[in-house]
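One structure below.
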Amino acid sequence: MDKFFSQTNCDRCGKPLTDGRIMSMYNTDCICLECKRKESEMADYKTACSADAEAIKKGDFNYPGIGLETPKKS
């Protein structure tokens, strides 16, 4: 099974993924819904979404994202 579906904690904050999970728009992190909410409020979120959509249009369904500038919590 893919790590995305089998991991138990958020790559960004470490909290359990029991309430849901989603892939980050910035990179390949599997994040909780609270981290997704915070991510969607970032200044360059629309840029990240547009880059992902363009990659998909070109057939790249494994686009790694534009990168995340903020450090992860350990």
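General remarks:
So that you can scan it fast, the table gives a plain yes or no per residue for (1) of a type in the set (A, V, I, L, M, F, W, C); (2) touching a residue at least 12 places away in the same chain (Cβ under 8 Å); (3) more than 23 Å from K3 (Cβ to Cβ):
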| residue | (1), (2), (3) |
| --- | --- |
| K15 | no, yes, no |
| T18 | no, no, no |
| R21 | no, yes, no |
| C30 | yes, yes, no |
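- The stretch 1-28, residues that are within 16 Å of E69 (Cβ to Cβ) and in contact with a helix residue (DSSP H, G or I) (Cβ under 8 Å, 6 or more places away or on another chain): R12, S24, M25, Y26
- Among the residues listed as K58, K15, K46, the single one being among the basic types (K, R), at pLDDT 95 or above and under 14 Å from the mean Cα position of the chain (by Cα): K46
The values are calculated or read from the model by the stated rules, or taken from the named source; none is laboratory data. Only a predicted model underlies this, so the values are computations on that prediction, with no experimental measurement involved. Note that each Cβ is placed from the backbone with ideal geometry, even for glycine, and that neighbours are counted across all protein chains shown.
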